[in-house]
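One structure is given here, and the rest of the page talks about it.
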Amino acid sequence: MSQSARDDQDFRTMMGDVRPLPAAANRANPGRQVRRPTEAQLARRQSAQAETGEDSFLSDDFVELLPPFDPVEYRREGIQQGVVDRLRHGGYPAQSRLHLLRRPLAECRRVLPSFVHEAYAHDLRSVLIVHGRGREIDSRPNVLRSYLVKWLAQFEEVQAFASAQQADGGLGATWVMLRKSERARADNRERQQKRRG
C-alpha cells in the first residue's frame, strides 16, 4: 500500500462518524439581535463627527516621509531668515508645549488645530511641539513628524517653524512661531505711540 493510500485510509478512519450539517442549520447563531444605539451613544457619535468635521482641512492623505535626521524649516513670505534662526536656537521662550509623542495620528490631527487656535487666541507667539523621531541612524522615517510639517504649513496663524536644538528636544521637537493677533498688533501700536510722545 502506498503512502498516499495509507494517508487516505487514516483520514477516512478519523472522519468516519462525521456527517454534513443539514442545509437549514448551516449558519452560526448570532445570538440576540443588536439593539438600536442609546441616546448617549448617538450623542457621542455626533460629537465625534463634529470634531473631525471641524478639523477636516488637515489632510491625512499621502505625505512624503522625511528622513529622521533631516531638520525641518519653514517660513512664510515676508518673514526674515534671522527670525527663523533665532526660533531654531530657542531664542524665544516656549509659551506653551504640545506633547504628541506616541499618540495615534488621528488623535494628533484632532488636537493640533485646537492647540494652535487656542495659542493664537491667547496671543502666544512661540510654542514647542514635541513629536519624537527615530533614535538610530537607520531608523524609519517618523510618520507623525512628516505629517506635522505638512499640517503646520496649512495654518494661517503659523508664520514659521523649525526643528529644535538638542536642549529643547532636538529633531524630535519643532518650534512654531505664530503671527500676532489683531489685539496684539493694536497693543503694540499703542505702546509705540506712547513712546513717541
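The values are calculated or read from the model by the stated rules, or taken from the named source; none is laboratory data. Everything numeric in this text was worked out from a predicted model, so none of it was measured. Backbone-built Cβ (ideal geometry, glycine too); neighbour counts: all protein chains shown. SASA here: full protein model, heavy atoms, side chains in, ligands and nucleic acids out. Shrake-Rupley method; radii C 1.70, N 1.55, O 1.52, S 1.80 Å.
Which is the longest run of the chain containing none of the GluC sites (Glu not before Pro) found in DSSP loop states (not H, G, I, E, B) with at most 10 other C-beta atoms within 10 Å?
1-63
With the simple model of a label 7 Å out from the Cα in the direction of the Cβ, Thr38 to Arg12 spans 5.9 nm. Would you mind computing, in nm to one decimal, how far apart the modelled labels at Gln154 and Leu21 are, each placed 7 Å from Cα along Cα→Cβ? For the pair Gln154/Leu21, the computed spacing is 4.7 nm.
Taking the Cα centre of the chain as reference, the dipole from Cβ charges on Lys and Arg (+1) and Asp and Glu (-1) amounts to some 820 debye.
At a probe radius of 1.4 angstrom, the accessible area of the chain per residue rounds to 71 square angstrom. Keeping the other protein chains in place, figure out the carbon and sulfur percent of the accessible area of the stretch 50-197, with a 1.4 Å probe. On the stretch 50-197, the fraction of accessible area on carbon and sulfur atoms equals 48 percent. The residue list Cys108, Pro71, Ser47 was ranked by how far each Cα lies along the charge dipole of the chain toward its positive end, using unit charges on Cβ atoms, and Ser47 comes out on top.
The coefficient of translational diffusion for the stretch 62-197, derived via Stokes-Einstein from the alpha carbon Kirkwood radius under 4 °C and 1.567 mPa s, stands at 83 µm²/s. Label point 7 Å out from Gln95 along Cα-to-Cβ: which residues of the stretch 179-196 have amide N under 19 Å? Residues 179-192 qualify, since their backbone N sits under 19 Å from the label point. A Cβ-based charge dipole, computed about the Cα centre of the stretch 128-190 with Lys and Arg at +1 and Asp and Glu at -1, lands at about 100 debye.
The local environment of Glu77, defined by Cβ-Cβ distances under 14 Å, has a net charge of +2 under the rule Lys, Arg +1 and Asp, Glu -1. Each of the chymotrypsin sites (Phe, Trp or Tyr not before Pro) that DSSP puts in a loop and that has at most 16 other Cβ atoms within 10 Å breaks the chain; the longest unbroken stretch is 70-197. Placing +1 on the Cβ of every Lys and Arg and -1 on the Cβ of every Asp and Glu, with nothing else charged, gives the stretch 83-145 a dipole about its Cα centre of roughly 160 debye. All C-alpha pair distances within the stretch 86-135, sorted into 10 Å bins from zero, spread as 23, 48, 28, 1 percent across the bins.
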